[in-house]
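Undergrad: Can you read through this structure? Questions will come right after.
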Amino acid sequence: MSTPFYVSPQQAMADRAEYARKGIARGRSVVVLQYADGIVFVAENPSRALHKVSEIYDRIAFAAVGKYNEFENLRIGGVRYADLRGYTYARTDVTARGLANVYAQTLGTIFSSAAEKPYEVELIVAEVGEGPEDDQIYRLPHDGSIVDEHGSVAVGGNSDQIGSYLEQRHRDGMTLAEALKLAVGSLSRDSNGGERSLTADQLEVAVLDRTRPQQRKFKRVLGRQLSRLLEEGGTSASAGETSGGDSSGESSASEE
């Protein structure tokens, strides 16, 4: 009888982490930035049916990169958690921090389980506050850890390079057009240091706008509104959609 091949726990976890990171790196990046009136989400995503960014609750939005079926399950679970907690207690009891903790527990359990492969996903959960100092942005890698982010954050693809670009150029109090220009500029940079052109048809843009009178602060930026903002920011783009509107909470991301 042959002896089973032994792999140390440390090596097994390192292999699982490497597997998940490679899957995430294949996805197109998502950028999240704070601006004067809220938080803007910008993703390279030509699909109009499969979203990388979605609304979770009144002031909370979700963005993800990686395998679509895996983080779509997480998005649906997050919506159910938020609806149940808001109904059982109060709508103000639904927070990005609470949702991030739920996601962290789920991802951590899956990552440490030897019975199934780790999720190839990286998430961002953001909540817009009454003022910029009250905004919350959390990044959740594949292993279930939580990183509290401020100002700007990028996930997927060449996120390290994009994150450095954003950190050097992002500032407090930017207008939406300025933040959008910065986000598109960061996504346009490839891993070799070159630049490529991104049109409005290749972008998915949404905002959590604290100035909206509605209880729901999430809004997708589409069509003529997106083209106008890109022009104001000095970015050349063209759009194929015709109007902006609210999210209906359907699918949350598309990849590759």
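The values are calculated or read from the model by the stated rules, or taken from the named source; none is laboratory data. Remember, predicted model here, so these are calculated numbers, not experimental data. Here Cβ is always computed from backbone atoms with ideal geometry, including for glycine, and neighbour counts include all displayed protein chains. Note: accessible area is taken over every heavy atom of the protein model, side chains too, but ligands, DNA and RNA are not part of it. Shrake-Rupley method; radii C 1.70, N 1.55, O 1.52, S 1.80 Å.
Undergrad: Could you list, in sequence order, the residues of segment 26-41 that are open to solvent by less than 20 Å² (accessible area, probe 1.4 Å) and over 14 Å from the mean Cα position of the chain (by Cα)?
TA: Taking segment 26-41 as the starting set, the residues that turn out to be open to solvent by less than 20 Å² (accessible area, probe 1.4 Å) are 27, 29-33, 35, 38-41.
Of everything in segment 26-41, those that are open to solvent by less than 20 Å² (accessible area, probe 1.4 Å) and over 14 Å from the mean Cα position of the chain (by Cα) turn out to be TYR35, GLY38.
Undergrad: Test GLY108 against the criterion of being touching a helix residue (DSSP H, G or I) at 6+ places or on another chain (Cβ under 9 Å), assigned to a helix (DSSP H, G or I) and free of Cβ contacts under 8 Å to residues at least 60 places away in the same chain, and give yes or no. Walk me through how you get there before you give the answer.
TA: Working: touching a helix residue (DSSP H, G or I) at 6+ places or on another chain (Cβ under 9 Å): no; assigned to a helix (DSSP H, G or I): yes; free of Cβ contacts under 8 Å to residues at least 60 places away in the same chain: yes.
Considered against the rule, which asks whether it is touching a helix residue (DSSP H, G or I) at 6+ places or on another chain (Cβ under 9 Å), assigned to a helix (DSSP H, G or I) and free of Cβ contacts under 8 Å to residues at least 60 places away in the same chain, GLY108 comes out as no.
Undergrad: Pairs, please: C-beta under 9 Å, at least 6 apart or cross-chain, first residue touching a residue at least 12 places away in the same chain (Cβ under 8 Å) and farther than 24 Å from ARG26 by Cα and in segment 52-78, second acidic (Asp, Glu) and assigned to a helix (DSSP H, G or I)?
TA: Note: pairs meeting the criteria are TYR57/ASP83.
Undergrad: Within segment 170-202, which residues are surrounded by fewer than 16 Cβ atoms within 10 Å (Cβ to Cβ) and under 22 Å from ASP37 (Cα atoms)?
TA: ARG171, ASP172, GLY173, THR175
Undergrad: Restricting to segment 138-158, what's the tally of residues that are in a loop (DSSP other than H, G, I, E, B) and not hydrophobic (A, V, I, L, M, F, W, C)? So that I can check it myself, show each step before the final result.
TA: Initially, segment 138-158 is screened for residues in a loop (DSSP other than H, G, I, E, B), giving 141-146, 150-151, 156-158.
Pick out the ones that are also not hydrophobic (A, V, I, L, M, F, W, C) and you get 141-145, 150-151, 156-158.
Total satisfying the criteria: 10.
Undergrad: Being open to solvent by 70 Å² or more (accessible area, probe 1.4 Å) and touching a Gly at 6+ places or on another chain (Cβ under 9 Å) is the filter here; which residues of segment 69-108 pass it?
TA: Matches in segment 69-108: ARG85, THR92, GLN105.
Undergrad: With the structure loaded, tell me whether GLY38 is on the phi > 0 side of the Ramachandran plot and in contact with a strand residue (DSSP E or B) (Cβ under 9 Å, 6 or more places away or on another chain) or whether it fails that test.
TA: Working: on the phi > 0 side of the Ramachandran plot: yes; in contact with a strand residue (DSSP E or B) (Cβ under 9 Å, 6 or more places away or on another chain): yes.
For GLY38, the condition - on the phi > 0 side of the Ramachandran plot and in contact with a strand residue (DSSP E or B) (Cβ under 9 Å, 6 or more places away or on another chain) - is met.
Undergrad: Right, here's the next one. Is it true that GLU44 is more than 19 Å from GLU149 (Cβ to Cβ) and open to solvent by less than 20 Å² (accessible area, probe 1.4 Å)? Write out each step before concluding.
TA: On the way: more than 19 Å from GLU149 (Cβ to Cβ): yes; open to solvent by less than 20 Å² (accessible area, probe 1.4 Å): no.
No.
Undergrad: So, one more: Taking the options TYR19, TYR6, name whichever one is over 18 Å from the mean Cα position of the chain (by Cα) and farther than 15 Å from PRO141 by Cα.
TA: TYR6
Undergrad: Quick one: in segment 109-119, which of the residues that are hydroxyl-bearing (Ser, Thr, Tyr) and touching a Lys or Arg at 6+ places or on another chain (Cβ under 9 Å) is most open to solvent (accessible area, probe 1.4 Å)? If you could, list the steps in order and put the result at the bottom.
TA: Applying the first criterion (hydroxyl-bearing (Ser, Thr, Tyr)) to segment 109-119 yields 109, 112-113, 119.
From the residues that got through so far, the ones that are touching a Lys or Arg at 6+ places or on another chain (Cβ under 9 Å) too are 112, 119.
Working: SER112: 77, TYR119: 43 Å².
Selected residue: SER112.
Undergrad: Out of all the residues in segment 203-223, which are open to solvent by 50 Å² or more (accessible area, probe 1.4 Å) and either touching a strand residue (DSSP E or B) at 6+ places or on another chain (Cβ under 6 Å) or part of a strand (DSSP E or B) (or both)?
TA: Residue satisfying the conditions is LYS219 alone.
Undergrad: Return the pair list, or none, for Cβ contacts closer than 9 Å from residues in segment 145-169 that are closer than 23 Å to VAL128 by Cα and open to solvent by 50 Å² or more (accessible area, probe 1.4 Å) to residues that are of a type in the set (S, T, N, Q) and not in a helix (DSSP H, G or I), at least 6 apart or on different chains.
TA: ASP148/GLN136; HIS150/GLN34; GLU167/SER152; ARG169/SER152
Undergrad: Looking at segment 117-132, can you tell me whether even one residue there is part of a loop (DSSP other than H, G, I, E, B), in contact with a helix residue (DSSP H, G or I) (Cβ under 6 Å, 6 or more places away or on another chain) and either free of Cβ contacts under 8 Å to residues at least 40 places away in the same chain or among the β-branched types (Val, Ile, Thr) (or both)? Spell out the reasoning first.
TA: To start, the set of residues in segment 117-132 that are part of a loop (DSSP other than H, G, I, E, B) comprises 117-120, 128-131.
From what's left, in contact with a helix residue (DSSP H, G or I) (Cβ under 6 Å, 6 or more places away or on another chain): 118-120.
Retained after the next criterion (residues that are either free of Cβ contacts under 8 Å to residues at least 40 places away in the same chain or among the β-branched types (Val, Ile, Thr) (or both)): none.
There is no residue in segment 117-132 that is part of a loop (DSSP other than H, G, I, E, B), in contact with a helix residue (DSSP H, G or I) (Cβ under 6 Å, 6 or more places away or on another chain) and either free of Cβ contacts under 8 Å to residues at least 40 places away in the same chain or among the β-branched types (Val, Ile, Thr) (or both).
Undergrad: If you check ALA14, ALA20, which single one turns out to be more than 30 Å from PRO213 (Cβ to Cβ) and without any contact (Cβ under 8 Å) to a residue 12 or more places away in the chain?
TA: ALA14
Undergrad: Hey, another quick one. Whether any residue in segment 134-142 is surrounded by 15 or more Cβ atoms within 10 Å (Cβ to Cβ), farther than 25 Å from GLY38 by Cα and in contact with a Leu (Cβ under 7 Å, 6 or more places away or on another chain) is what I want to check.
TA: Restricting attention to segment 134-142, the residues satisfying the condition of being surrounded by 15 or more Cβ atoms within 10 Å (Cβ to Cβ) are 135-142.
Those left that are additionally farther than 25 Å from GLY38 by Cα: 142.
Filter again for in contact with a Leu (Cβ under 7 Å, 6 or more places away or on another chain), leaving 142.
Taking every residue of segment 134-142 in turn, at least one turns out to be surrounded by 15 or more Cβ atoms within 10 Å (Cβ to Cβ), farther than 25 Å from GLY38 by Cα and in contact with a Leu (Cβ under 7 Å, 6 or more places away or on another chain).
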